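First up is the structure itself, then whatever we jot down about it.
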Amino acid sequence: MTQPHYELDVRPILREGGEPFLAVMQAVDALAPGQSLRLLATFKPIPLFHVLGSRGFEPTAREIGNGDWEVIFTPTESQSGGEASQAESANNRVDKADEAWPEPVIELNNCDLDPPEPMVRTLEGVETLSPGQTLAALLPREPLFLFKELESRGHLWRGSFDPEGHYRIVIRRG
Amino acid sequence: MMGTALSRWTMSYFTAALAFLVGAQVLMIAGYGFPAVPAEAPETLTLVHMVTIGWLSLLMCGALFQFVPVLIAQPLRGGRLVLPALICLLSGLAFLLAGFLQLAGTIDTDLPLLAVAGMLLPAGFLLVVGVLVGTLLRANLTLPARFVAAGLACVLVTVTLGALFALLLSGFLPALAGLDFRTHALPVHIAVGLGGWLTFTAIGVSYRLLPMFMLSPDGERASSRVVWWSGIAALVLIALASPIVAMVEGTGLMATPDTATGLAATLGLVSLILYGVDLAFFYRHRKRRVIELNSRAAQGALLALILSALLLLALLATGTLGQHVGALLYLVAFGWLSGLGLSQLYKIVPFLTWLECYGPVMGKKPTPRVQDLVVERRDRVWFALYFLGVLSGTGALLVNQPDVFRVAAGATLLATLAIVVELVLARRLYNVEDGKRLPDGTSRPRLFLPSP
């Protein structure tokens, strides 16, 4: 692994109150095989450790002063097999046992959004997933239009009503 | 086009409906039908059925094909029958209107036009009801869906009576010619058609649609259940008033149709008051602070509904219902039903257009917001003009000023045309910024036909 880190500084985004998640996921998608990601943030981004861990990256974090953190996400051995085979094995796992759905890497609460925003935000989240990863979203009602869209894009989903009458859907990217 | 979640022919139903609304208003301004001629004249019947079948029923059918699946979270069953239903309804209505013109002496032909209408219209409505009931049967019915189901039963009653009238007027069914249909069946045809089919169904749809777009709590409320039961009781009483009276008299007790009608009116009023309470609850408890124009304009329709109820009470109290029934029906049809219809079209058309156009790229590409398809600030004035026109028109009818009525109807028509233009612009994505209008992977929706 001699290639340089892919550099991503999300501190400006964070200081402006923005949400850097999309930028991080785009950077991860842009990595060359075996390349690691060097991320600079204004806090220790623990949630990302889990998200990128499920995509086969190991984090090494250190404080670099002024409360800022540098995290290097290094791809592990198992990841180098390629995403396609990883997705395939995930698929097989699901086919064999229902409980094999991985924990959601994104949790969204879209209950208070105006239609069709709950659906738009949910699909935006789904677009950032790798095949086999899951996203959970809380929606104001059973999303008939979303089901059709998920079906036509080849994603799987499960859902049920919570006690307050909201609909919780877990989507697994196909 | 995304899957089958979008109803393919709904825009075609809406287009035909709006054409009839505009056509009927043009005739009214030209002085055709009531109030220039009596309410029961064939010219008035032409006008009335352009509004009730051409505009309101086609609007309602188109909306139900789209929203019944949303109400019960099940796909539409028998969607192939939706286009044949539209063809039956349109051709049946054409024969019906021609048949009335034949009665008026405008058309001179020996063809049994009304009898043909009496077959085609029931066929069309049966297809509509078949598709929707077939879909509703797949789910446990929530309260809004129960209102729709009751409305569908009412349209069958209305259309059966209508077909009987058509056959009688054509000289068929001589065995029934001795019955006094005008006294016994006509009030049922009107009350079950406007009160059951159109109003009950509209109440059901609004119970879901208004909370959905205002982000209000939409759990089932006790008051909504009372609206349902009292409304059903009122409709059954109206439909069965004559047989009930005959039965009561058979036991030796005194009863008149007025007793049953009075009780039905009281129950109907209870139903409407509690419906108003429910809607006030939705507006007060909405999470959406800025209220959109469709919900604001719906308030005008609700106001017209309340005014209709008050007018009915006032006319009953003064014994002038027979004299002013035209004004009351005008307020119900144009203020309440058409007002609600236009206000909800103003949301439904952009929403469906947005889904049709941007659904395939949702989440992948930046898309405009649904609100970007219309310009609310510009359109507020049209809705205000619409309701002002309807209120002035009702007033003019009450004080017998046909010329003032025509001016007021002119204002209503102008507002209607402006709203129609805005709907066309929304379909055309005209108000969306050039750069955002058609991202890669999208295609421009057709004006009123389904995407290929």
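On a per residue basis, the convex hull of the C-alpha atoms belonging to the range B:292-452 measures out at 112 Å³. Here, P(r) means the percent of Cα pairs in each 5 Å bin from 0 to the largest distance; for the range B:28-140 it is 2, 12, 19, 19, 15, 12, 9, 7, 5, 2, 0. For the range A:6-80, the normalised intensity computed at q = 0.11, 0.14, 0.15 Å⁻¹ comes to -0.25, -0.40, -0.46 (log10 of I(q)/I(0), Debye sum over alpha carbons, equal scatterers, no solvent). Rg/Rh for chain B stands at 0.96; both radii use Cα atoms, and Rh follows the Kirkwood definition. Taking only Cα atoms, what is the 0 to 90° angle, nearest 10, from helix B:143-169's long axis to the longest principal axis of chain B? Value to nearest ten degrees: 50. By the beta-carbon count within 10 Å of each Cβ, the least crowded to most crowded order of B:Ser392, B:Ser12, B:Ser443, fewest first, is B:Ser443, B:Ser392, B:Ser12. Here each label is just a point 7 Å from Cα along the line to Cβ, and for B:Ser223 and B:Leu111 those points are 5.2 nm apart. The orientation-averaged projection of the convex hull spanning the C-alpha atoms of the range B:118-165 amounts to 3.0 square nanometres.
Of interest is the spacing of the C-alpha centroids, which for the range B:369-389 and the range B:427-452 amounts to 21 Å. Across peptide A:139-152, the mean count of Cβ atoms from other chains lying within 10 Å of each residue's own Cβ comes to 5.
For the range B:1-139, averaging the sequence separation of C-alpha pairs within contact (under 8 Å, six or more residues apart) and dividing by the residue count gives a relative contact order of 27 percent. Rounded to the nearest 10 degrees, the angle from helix B:293-318 to the longest Cα principal axis of chain B is 10 degrees.
Across peptide B:358-367, the mean count of Cβ atoms from other chains lying within 10 Å of each residue's own Cβ comes to 5. Peptide B:311-318 has a mean of 0 when you count, residue by residue, the C-beta atoms of other protein chains within 10 Å of its C-beta.
Could you sort out which of A:Lys44/B:Lys287; A:Lys148/B:Lys365; A:Lys148/B:Lys347; B:Lys287/B:Lys347; B:Lys347/B:Lys436; A:Lys148/B:Lys287 sit more than 24 Å apart by Cα distance in this structure?
Check vs 24 Å cut-off fails for A:Lys44/B:Lys287; A:Lys148/B:Lys287.
The distance linking the range B:35-64 with the range B:169-207 is 13 Å (Cα centroid to Cα centroid, whole angstrom).
Overall, the ratio between the Cα radius of gyration of the range B:1-49 and 2.2 N^0.38 Å, rounded to two decimals, is 1.67.
Under the combined filter of DSSP loop state and at most 11 neighbouring Cβ atoms within 10 Å, the range B:366-452 retains these GluC sites (Glu not before Pro): B:Glu433. Working note: Cα atoms of the protein assembly as shown, range along each principal axis, descending, whole Å: 100, 51, 46.
Since every read-out is calculated from the coordinates, none of them should be taken as a lab result. Worth saying up front: this structure is predicted, and the values here are computed from it rather than measured. Heads up, the Cβs are rebuilt from the backbone with ideal geometry, glycines too, and the neighbour counts pull from every protein chain shown.
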